[in-house]
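Have a look at the structure below, then the notes.
The values are calculated or read from the model by the stated rules, or taken from the named source; none is laboratory data. Since the structure is predicted, the reported quantities are computational estimates derived from the model, not experimental observations. When we count neighbours, we look across all protein chains shown, and the Cβ atoms used for this are built from the backbone with ideal geometry, even at glycine. Keep in mind that these areas ignore ligands, DNA and RNA; they rest on the heavy atoms of the full protein, side chains included. Shrake-Rupley method; radii C 1.70, N 1.55, O 1.52, S 1.80 Å.
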Amino acid sequence: MKNFVSIVFFISLTIAFTGCNSLEKTIEKSYAELKSNNIDFIKKEYHKRCEISDIRESTNEIEIRRYEYILVSQTMNLISFIKNDKNCYSQIFAESNVPKRKIHFINTSNLNSCSLIEKLLENNIHKLTDYKTVYEEITKDKPFPFIREDDTSYIVQVKIRDKIYEVYYGDFYLELKLFPKNKELNEYNKISRILDNLDL
């Protein structure tokens with residue numbers, strides 16, 4: 001029995017170490033690939049309601065944020081993943097405006113945040129192409145026969161150590177149906193599927 005317990009402990013330790021080592025390798029690769037740019041998205045009032053700071057003031061080793069702006073209600077939701085030293089955690093803030101504007105804090109204690117950070121980085125959240133560039137590329141030969149209005153838009157911010165990156169993309173699902181093989185649209189879709197299907 002003692003030997004069995006020792007073996008189980010050893011296997012658990014090995015799995016934990018391998019998982020941690022895997023994340024560190026992904027972080028190193030992503031850090032090398034990350035190109036800093038200007039942070040234009042600053043929502044002081046929203047950050048104040050969430051009781052968080054602008055990502056440029058963050059001291060975390062890694063911070064990944066996705067802001068989701070819903071045009072109809074003019075509300076915003078935020079999902080963030082944070083890594084400090086060996087600890088990872090997640091935060092979700094959902095905003096409503098009825099009967100008055102309020103932030104709802106979603107419990108994320110059951111999420112494997114380290115695994116999700118690794119998954120997001122492996123799916124290139126740190127080097128998504130800006131929506132404007134993608135849109136110009138897919139419509140250069142034949143413009144859409146309608147005016148494009150996004151019901152939902154997204155801002156992604158990624159900070160790894162001293163580098164910070166920001167990218168915008170819109171409600172891309174219609175374009176994805178029209179251009180199902182487009183690499184950049186499929187990258188938006190992979191990120192959205194990860195973040196919109198969290199097991200909360």
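For LEU174, the conditions (1) modelled with pLDDT of 95 or more; (2) assigned to a helix (DSSP H, G or I) all hold with the exception of (1).
For residues in the stretch 25-41 being open to solvent by 20 Å² or more (accessible area, probe 1.4 Å) and among the small types (Gly, Ala, Ser), which is nearest to ASP162 (Cα to Cα)? If we take residues in the stretch 25-41 being open to solvent by 20 Å² or more (accessible area, probe 1.4 Å) and among the small types (Gly, Ala, Ser), then SER36 is nearest to ASP162 (Cα to Cα). Pairs, please: C-beta under 7 Å, at least 6 apart or cross-chain, first residue part of a helix (DSSP H, G or I) and in the stretch 184-197, second open to solvent by 50 Å² or more (accessible area, probe 1.4 Å)? So the pair list comes out as LEU185/PHE179; ILE194/LYS119.
Summed over the stretch 44-69, the residues that are free of Cβ contacts under 8 Å to residues at least 24 places away in the same chain and among the basic types (Lys, Arg) give a count of 2.
Being open to solvent by 40 Å² or more (accessible area, probe 1.4 Å), not acidic (Asp, Glu) and not in a helix (DSSP H, G or I) is the filter; apply it to the stretch 42-62 and report the residue that is nearest to TYR89 (Cα to Cα). Result: THR59.
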